Amino acid sequence: MLAVRIHLDDCDADNGALRVLPGSHLLGKLGAQDIRRLVAEQSPVTCAVSSGGAMLMRPLLLHASSKALNPKNRRVIHFEFASGPLPEGLQWQAHEATIDSTVGTGMV
């Protein structure tokens, strides 16, 4: 799977840009204890993106955003793409027959 985040507004460290733990997506689905351990061991990387820019990431990448120090818009359009069946029992929310005509299909 691949997530594509298209930024409609500038988003930097002062405005609550996404922070990620590089490589964490390679560890698979993690429990709360494993996430706490990784957060304690690894420094996050801030992903500043300018308006009109895009960020591509794997959905299992550990990520978070902080409260903005300089509040302003940070609108993002978020798409997720998969080339085949979803792993580990995940399913698309819409029925397969209607996916082509459904906009904004989410996962459950």
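Any read-out appearing in this document is the output of simple, stated calculations on the displayed coordinates, not a laboratory observation. Remember, predicted model here, so these are calculated numbers, not experimental data. Neighbour counts run over all protein chains shown; Cβ positions are idealised from the backbone, glycine included.
Annotations
- Working ranking of peptides 74-86, 54-66, 13-25 by packing, defined as the average number of other Cβ atoms within 10 Å per residue, highest first, is 13-25, 54-66, 74-86.
- [x] 15.6, 45; [y] 14.7, 48; [z] 13.5, 43, with the label sought being that of the calculated Rg and Dmax of the Cα atoms in Å: [x]
- Relative contact order of the chain, pairs being alpha-carbon contacts under 8 Å that are 6 or more residues apart, as %: 41
- Farthest toward the positive end of the dipole of the chain, out of N70, C47, I6, is the Cα of N70, where the dipole comes from beta carbon charges about the Cα centre.
- Cα-based shape type of segment 1-47, given that a ≥ b ≥ c are square roots of the gyration tensor eigenvalues and the cut on a/c is 1.5: oblate
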